[in-house]
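Here is the structure we will look at.
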Amino acid sequence: MGNDIRERLMKFTAKGERHITIMAVQGHFATSQSHINYYIDVTRIKIRAHEALEAAKSLKEKMLHHITTVDTIVCLDGTEVLGAFLAQELEKGDFQMTNAHETIYICQPEENSVHQFMFRENVKPAIQGKNVIVLVDTASTGETVRRSADCIEYYGGIVQGIVAIFSTKDKIDKYDVYTLFNQDDLPGYDTYEQHDCPYCKKGIPIEAVVNGYGYSKL
């Protein structure tokens, strides 16, 4: 695995959506919850306006007829650009909202030093009593999504579903997941508990620690 991660990245295209792509590379990587055999880079969709717009249109179609009301989009892991485009698409008439100003709120939770999500007083009105969808870049174990959903419900929000760029799951607990890419799009993708990681058992070192913002080589 000696080659640089960036040099080994390969492009993957969403089914039937040639304008929507992610980059990924196989290897041995660690997240805060698990070990994985792919590093997935969704930066294109998170920072490029054209890709974000195309992704938002596709996600809207996946949500259509499943979710009827959206008041707020809670964005995790730097997905605010995609969240803004998704809000614009949802506001075009196919989805209801209860907000007095007839627009969808877009916000992100704050994470404290013990990894608890929270909302400040000035943001709470966008959560309390609102129909919320959670937007995340990738969902593998589902732990981050669970923590965010618990936080939203603690503040009085009603979670209507989870929206992801990539997800290994079509359901996390009681919430349906609407995603652009899934496990079938990355051949052999898998996630492991640290104590049960086959790479660790073979003595293969971790290449990098990864999260929603990128990777840090070891």
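Here, each number is a calculation from the coordinates, and none is a lab measurement. Being a predicted model, the structure only gives us computed values, none of them experimental. Cβ coordinates were reconstructed from backbone atoms using ideal geometry, including for glycine residues, and neighbour counts include every protein chain displayed.
Odds and ends about this structure:
- The one condition in (1) outside any strand (DSSP E or B); (2) under 20 Å from VAL163 (Cβ atoms) that ILE40 fails to fulfil: (1)
- When GLU54 is tested against (1) surrounded by fewer than 16 Cβ atoms within 10 Å (Cβ to Cβ); (2) in a helix (DSSP H, G or I); (3) not hydrophobic (A, V, I, L, M, F, W, C), exactly one condition is not met: (1).
- Scope region 96-115; condition of a type in the set (S, T, N, Q), farther than 23 Å from GLY212 by Cα and in a loop (DSSP other than H, G, I, E, B); matching residues: THR98, ASN99, THR103
- Of all residues in region 138-160, those satisfying the criterion of being closer than 17 Å to ASP77 by Cα and assigned to a strand (DSSP E or B) are THR138, ALA139.
- Residues located in region 116-137, provided they are in a strand (DSSP E or B) and touching a Gly at 6+ places or on another chain (Cβ under 7 Å): VAL132, ILE133, LEU135, ASP137
- The listed residue being surrounded by 18 or more Cβ atoms within 10 Å (Cβ to Cβ) and either out of contact with any Gly (no Cβ under 9 Å at 6 or more places or on another chain) or more than 23 Å from ALA52 (Cβ to Cβ) (or both), out of SER113, SER148, SER167: SER148
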